[in-house]
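Down below is the structure, laid out as structure tokens.
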Amino acid sequence: MKICCIGAGYVGGPTMAMIAHQCSDIDVYVVDINEERIAAWNSDELPIFEPGLQDVVEANRGKNLFFSTAVDDHIRDADMIFISVNTPTKVYGVGKGRAADLKYVELCARRIAEVAVGHKIIVEKSTLPVRTAETIKRILANSPHEATFDVLSNPEFLAEGTAVEDLEAPDRVLIGGESKDSIQKLVDVYANWVDRDRILTTNLWSSELSKLAANAFLAQRISSINAMSALCEATQADVDEVAHAIGQDSRIGPKFLKSSVGFGGSCFQKDILNLVYLCEFYGLKEVAEYWEQVVKMNDYQKERFARNMIRTMFNTVSGKRIAIWGWAFKKDTNDTRESAAIYVCRDLLIEQATLAIYDPKVSAKQIKQDLEYVFKQENGEVSERDKNLIENNIIICDSAFEAATQAHSVAVMTEWDEFKDIEPADLYDIVFKPAFLFDGRNLLDHKAYIKQGFEVYAIGKGLLEG
Ligand code: UDX
Ligand code: ADP
């Protein structure tokens, strides 16, 4: 069997590497139009950082796992084609800011229709609005070579940072489709390493919707605990204690209740906005408003954090150096999409702060690109003033210590383990006094920092005392 996966990104790359790893009799070709990305997949420096991924790729690359830009050739040769391209939120036209931009998916479908011969199973791997398979089927129906197709939905539930373990032992694999035969072929692929009772089969639309629903439920839990964190700060309750207490109820459960500066990542916000758009499309105004509140609460949490920093630092951060620890949207990934750090830093830059940023895995180029993106105006351009602001007020550092040197405050944005190893005394020596610490992840040992002389502000903790 030959599999072709279109899109060598955060989803396509790791997922295909795992399929190749677990199924020695399947040849897996991951194709992408981005030459740089493919070259990186073929090098010692993979384009994405995921614990354990390098080993899986190196063990199989060149045997039954191949990365290539020859999109058409591998579409033609494959029995099964996964579509794993990006589906960002639309930034133009109808549905701007909400609907998923399906142009890349449609381009793939058109390419497949154009070059495919014989019978192919098309698998939607990207997260898509419910009923996208209908569009794909209609495009594929126009194959000039009279190729035939079955379309399946097989959403990916891996979380970044734990992609390899999630792929190795998934809670479930979901496959939706119409053709029993094709569903079985994909079930057989996963059954090489996943227990059969964890492989769920449904109709196409349930599968497409379940992915959006799962992400919406997960994000809703974070917004719920973050909403509580604001109330905790006002009432001297402790959000970690509240989360622990409610998580002990087996109906609620302890996972995904960690209050933070706000969720980020490529999925949660995008998928909820997409869900909101779909609900509005189907005339379900109340349902749309309900889910939209999850995103609004997340925006509130990020704004609240920046506002609190400014207020605490005597209502002005202009000209002050602030150490920003972490840029990725969570630890153990170099992905920065929708990271809370970007929005908090935008608000601090508007107040003319100088930001000394350190992240162990994110490049300086990426950080600047992210900031330029959030400073874009309606016309898509960044004003000269904002360009100068980014150029002059950002210092990219090589260590957490370098960032904190002569800083007026330190802000933890990502929960990287290495930040926990820093000695409060060593940090205290190098920062200006009063020494402010803002912990957006409730990561550090607050008592130790307070004892050292720091003024500590954490999420959902009220006034912290030693
Ligand atoms: C998510 C889903 O978990 C995954 O199933 C889906 O396939 C893709 O979207 P991902 O975005 O990679 O995965 O990471 P996740 O671990 O869900 O974290 C998302 C964001 O929520 C991060 O910014 C994280 O820091 C934040 N988060 C998570 C919290 O603030 N608190 C929590 O308790 C959990
Ligand atoms: P995800 O997180 O969903 O994997 P990424 O943005 O990391 O998203 O990856 C998507 C990949 O899909 C990118 O590398 C992009 O170049 C690729 N891609 C987009 N459109 C096409 C296309 N028409 N043909 C081949 N690859 C494509």
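The values are calculated or read from the model by the stated rules, or taken from the named source; none is laboratory data. Quick caveat, the model's predicted, so the values are computed rather than measured. Here the Cβ is made from the backbone with ideal geometry for all residues, glycine too, and neighbour counts use every protein chain on show.
Per-residue answers, yes or no, for (1) more than 16 Å from ligand 1 (Cβ to nearest atom); (2) surrounded by 14 or more Cβ atoms within 10 Å (Cβ to Cβ); (3) over 19 Å from Ala191 (Cα atoms):
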position: Gly7; (1), (2), (3): no, yes, yes
position: Met16; (1), (2), (3): no, yes, no
position: Ile26; (1), (2), (3): yes, yes, no
position: Arg61; (1), (2), (3): yes, yes, yes
position: Asn64; (1), (2), (3): yes, yes, no
position: Asp79; (1), (2), (3): yes, yes, no
position: Lys96; (1), (2), (3): yes, no, yes
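In this structure, is Ala70 hydrophobic (A, V, I, L, M, F, W, C), modelled with pLDDT under 95, more than 30 Å from Asp359 (Cα to Cα) and more than 16 Å from ligand 1 (Cβ to nearest atom)? Quick ask: steps written out before the conclusion?
Values: hydrophobic (A, V, I, L, M, F, W, C): yes; modelled with pLDDT under 95: no; more than 30 Å from Asp359 (Cα to Cα): yes; more than 16 Å from ligand 1 (Cβ to nearest atom): yes.
Answer is no for this residue.
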query = Name the residues in the range 101-134 that are touching a residue at least 12 places away in the same chain (Cβ under 8 Å) and basic (Lys, Arg), would you?
reply = Arg110, Arg111, Lys120, Lys125, Arg131
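Out of the range 249-267, which residues are within 16 Å of ligand 2 (Cβ to nearest atom), touching a helix residue (DSSP H, G or I) at 6+ places or on another chain (Cβ under 6 Å) and not hydrophobic (A, V, I, L, M, F, W, C)? Even if it seems obvious, please write down each step before you answer.
Of all residues in the range 249-267, those within 16 Å of ligand 2 (Cβ to nearest atom) come to 263-267.
Still in the running and touching a helix residue (DSSP H, G or I) at 6+ places or on another chain (Cβ under 6 Å): 263-264, 267.
Correct list: Gly264 only.
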query = Condition test on Gly440, is it of a type in the set (Gly, Ala, Ser) and within 24 Å of His244 (Cα to Cα)?
reply = yes
task = Provide a single number: the residues in the range 98-114 that are crowded, with 17+ Cβ neighbours inside 10 Å, modelled with pLDDT of 95 or more and away from ligand 2 (no atom under 11 Å from the Cβ).
result = 1
key: Hey, Ile48 over 19 Å from the mean Cα position of the chain (by Cα) and either away from ligand 1 (no atom under 16 Å from the Cβ) or β-branched (Val, Ile, Thr) (or both) or not   = no
ask   = Taking strands (runs of 3 or more DSSP E) that fall entirely within the range 386-466, which contain at least 1 residues that are over 15 Å from Ala356 (Cβ atoms), in contact with a strand residue (DSSP E or B) (Cβ under 7 Å, 6 or more places away or on another chain) and of a type in the set (Gly, Ala, Ser)?
value = 455-458
task = Starting from the range 321-345, take each residue that is assigned to a loop (DSSP other than H, G, I, E, B) and list its partners that are acidic (Asp, Glu) and away from ligand 2 (no atom under 16 Å from the Cβ), counting only C-beta distances under 6 angstrom and pairs at least six apart or across chains.
result = Gly326/Asp359; Trp327/Asp359; Ala328/Asp359; Lys331/Glu415
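Counting just the residues of the range 13-59 that are among the charged types (D, E, K, R) and in a helix (DSSP H, G or I), which one comes out nearest to ligand 2 (Cβ to nearest atom)?
Initially, the range 13-59 is screened for residues among the charged types (D, E, K, R), giving 25, 27, 32, 35-37, 44-45, 50, 55, 58.
This time we only want the ones that are in a helix (DSSP H, G or I), so: 35-37, 55, 58.
On the way: Glu35: 10, Glu36: 9, Arg37: 5, Asp55: 20, Glu58: 20 Å.
Within the range 13-59, the match that is nearest to ligand 2 (Cβ to nearest atom) is Arg37.
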task = Only residues that are in a strand (DSSP E or B) and within 16 Å of ligand 1 (Cβ to nearest atom): list them for the range 110-149, please.
result = Val123, Glu124
